[in-house]
Amino acid sequence: APAKAKKIQSKGNHVELSSDGEVEEGNWEMEEEEDGSSEEMVDDYGASSSEEEELLPIEKAALKQKSDSEDDSEEEEEEDEEDEAAEETSRQKVGQKEEENLDLQLNLDIDEQFKLPTNEEIEKEAAQSLDITKELHLDFPPDLHVIHQRIKGNMEVLQDFVVKREEGRSRQEYLALLRRDMAAYYSYSDFLLMKLTDIFPLPELINFLEANEVPRPVTIRTNTLKTRRRDLAQALINRGVNLDPLGKWSKTGLVIYDSSVPIGATPEYLAGHYMLQGASSLLPVMALAPQENERILDMCCAPGGKTSYIAQLMKNTGMILANDSNAERLRSVVGNLHRLGVTNAVVSNCDGRQFPKVCSCLLWVLGGFDRVLLDAPCSGTGVISKDPAVKTNKDEKDILRCAHLQKELILSAIDSVNAASETGGYIVYCTCSIMVEENEWVVDYALKKRNVRLVATGLDFGKEGFTRFKDRRFHPSLKSTRRFYPHTHNMDGFFIAKLKKFSNAIPQAQKVATPSTVPDKIVEPPPKKKKLEGLKTDKEQKLPQPALKKKRSLQAQRRPLKA
């Protein structure tokens, strides 16, 4: 049997005497088991055994997850590199196409002169824009910058057409290209753009279109029935609202720049200290100028901002009849009147066109109203910033339909006013439209159909109304009407006219024969025969006696003809 190894310690070194008699050094120790048997020890450092066998299961899972994540990160890096390479190639393609596109359209630098592109170039540009849009999955064509630059160059040529125009090109060609570019850049229909071109000069038209792309400032009206503007402004400033007075023309308006709290849900709003109302909506009530203890009719009152402002100016005295044909919208009217503390208003639901007939008993009891406010339904071309759908969903039929309704409403409003009122007899007609067919045309129609005249609105600013438009001529007094635009007054587009009724009688329409109504042959009644005793006409002398008697009997029965 082999001898067991013995352990000899010398000067701190471990020495082992083997069975062969050789001495081996090492830095390890001999451990004996309880049964006295010994096992061969192996140094752990640099051991050939795997580390995974000595790790816990959770550590093994962590190592596996780490290795998987490293593999995934490498794959993602490879994919990112491939995507970047694809994007670079697509950019190069787009750059090449844009360069080709810009070569077709002459650069509008200061030193270069604008030249009108041909139809083939425009069609090619549109086709290339469509290809780029499909390739990059864009929702807008990438040539808007080119179109905008072309609009600027076209405008410069049109402003000095004699000097800068291209030889052999007419003004109509420049205008057609300008309308097409503006329709594409600002997303307007051709019909509405033609209407706006008739109203505004070209430089002002661009300003109007640009102003419609920006929302109007948020404005509120102080309810002086419950608070003062100074106190309300201080309370809102303490809540983190940045505001300023609306202007010198308004004593109750405030403009809100920004707010850290919802401006329509503050305790002051819920308490009825103010009303969210556009700046242009304050102007019709200011033009109406209601007096205390008067009878006022608001024919189209929803949502109640103007009605509550009238009650505020009247200090809750007199009587206000708030009418609207839409029963659903009257709910907001009732809610706002209760919240703002209005106590002199009566809410009604009837068609404004039939108001004098339906409410004839009320008019007879009241003796008519002192003042009437008519905020007529319209096409909404003055509030495009609030409703961009107006750009494309209005056509000629919509404008004419609104104009017909407005003519019926303004006649009904005039018939509801008492001309013999000591303090009133006024009608204010307003719309949030800038179309001439809905404004000056309607007022001119009312001047011809009723005993009314135009008076000053009392507003110190605003542009005068049209007295002529294209081939139409309106009454000269339409200069006293006022127009408001978003690009000049920073408020919604509005039209205001103030009428004074001077007689309750309705003028009768005079039938004037026109070439279309005159018949081809005018049948004149036979002249009356003079009865001469003892004289007979030649025809009577030739007739026999029985026929002569029958003719005389028929003449006696015949009635005289009317002229």
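Being more than 28 Å from ASN326 (Cα to Cα), in contact with an Asp or Glu (Cβ under 6 Å, 6 or more places away or on another chain) and open to solvent by 50 Å² or more (accessible area, probe 1.4 Å): is that true of ASN207 here?
So ASN207 fails the test.
Would you tally the residues in region 148-182 being at pLDDT 85 or above and among the β-branched types (Val, Ile, Thr)?
Going through region 148-182 one residue at a time, the tally reaches 1.
Output the number of residues of region 188-227 satisfying the condition of being more than 15 Å from MET275 (Cβ to Cβ) and over 18 Å from the mean Cα position of the chain (by Cα).
Within region 188-227, residues that are more than 15 Å from MET275 (Cβ to Cβ) and over 18 Å from the mean Cα position of the chain (by Cα) number 9.
Conditions: (1) open to solvent by 10 Å² or more (accessible area, probe 1.4 Å); (2) farther than 19 Å from ARG295 by Cα; (3) touching a Lys or Arg at 6+ places or on another chain (Cβ under 7 Å). ALA419 meets all but one. Number of the miss?
Unmet for ALA419, out of (1) open to solvent by 10 Å² or more (accessible area, probe 1.4 Å); (2) farther than 19 Å from ARG295 by Cα; (3) touching a Lys or Arg at 6+ places or on another chain (Cβ under 7 Å): (2).
Given the options ALA327, ALA322, name the one that is outside any loop (DSSP other than H, G, I, E, B) and free of Cβ contacts under 8 Å to residues at least 40 places away in the same chain.
On inspection, the qualifying residue turns out to be ALA322.
Hey, any hits in region 359-369 for a residue that's in contact (Cβ under 8 Å) with a residue 40 or more places away in the chain and under 29 Å from SER250 (Cα atoms)?
Yes: region 359-369 contains one or more residues that are in contact (Cβ under 8 Å) with a residue 40 or more places away in the chain and under 29 Å from SER250 (Cα atoms).
Mind checking which pairs have a first residue in region 228-242 that is assigned by the TED database to the domain that holds SER259 and a second that is open to solvent by 70 Å² or more (accessible area, probe 1.4 Å) and part of a strand (DSSP E or B), Cβ under 7 Å, 6 or more apart or different chains?
ASN242/TYR257; ASN242/ASP258
Wholly within region 160-261, which helices (runs of 4 or more DSSP H) include no fewer than the required count, namely at least 1 residues that are over 24 Å from GLY462 (Cβ atoms) and among the small types (Gly, Ala, Ser)?
Passing ranges, in order: 171-186, 229-238.
Would you check if there is a residue in region 266-281 being in a helix (DSSP H, G or I), touching a Gly at 6+ places or on another chain (Cβ under 6 Å) and either under 23 Å from HIS487 (Cβ atoms) or touching a residue at least 24 places away in the same chain (Cβ under 8 Å) (or both)?
Yes, the conditions are met somewhere in region 266-281.
State which residue is surrounded by the fewest Cβ atoms within 10 Å (Cβ to Cβ) when the search covers only region 195-204 and only residues that are of a type in the set (D, E, K, R) and within 21 Å of GLU396 (Cβ to Cβ).
Here the answer is ASP198.
Residues ARG216, ARG169, ARG179: which one is open to solvent by 30 Å² or more (accessible area, probe 1.4 Å), under 30 Å from LYS470 (Cβ atoms) and touching a Pro at 6+ places or on another chain (Cβ under 7 Å)?
ARG216 is the lone residue from the list that is open to solvent by 30 Å² or more (accessible area, probe 1.4 Å), under 30 Å from LYS470 (Cβ atoms) and touching a Pro at 6+ places or on another chain (Cβ under 7 Å).
The values are calculated or read from the model by the stated rules, or taken from the named source; none is laboratory data. Treat the numbers as computed from the prediction; the structure is a model and nothing was measured. All Cβ positions, even for glycine, are placed from backbone atoms using ideal geometry, and neighbour counts span all protein chains on display. Protein only, heavy atoms only, side chains kept; ligands, DNA and RNA dropped before computing areas. Shrake-Rupley method; radii C 1.70, N 1.55, O 1.52, S 1.80 Å.
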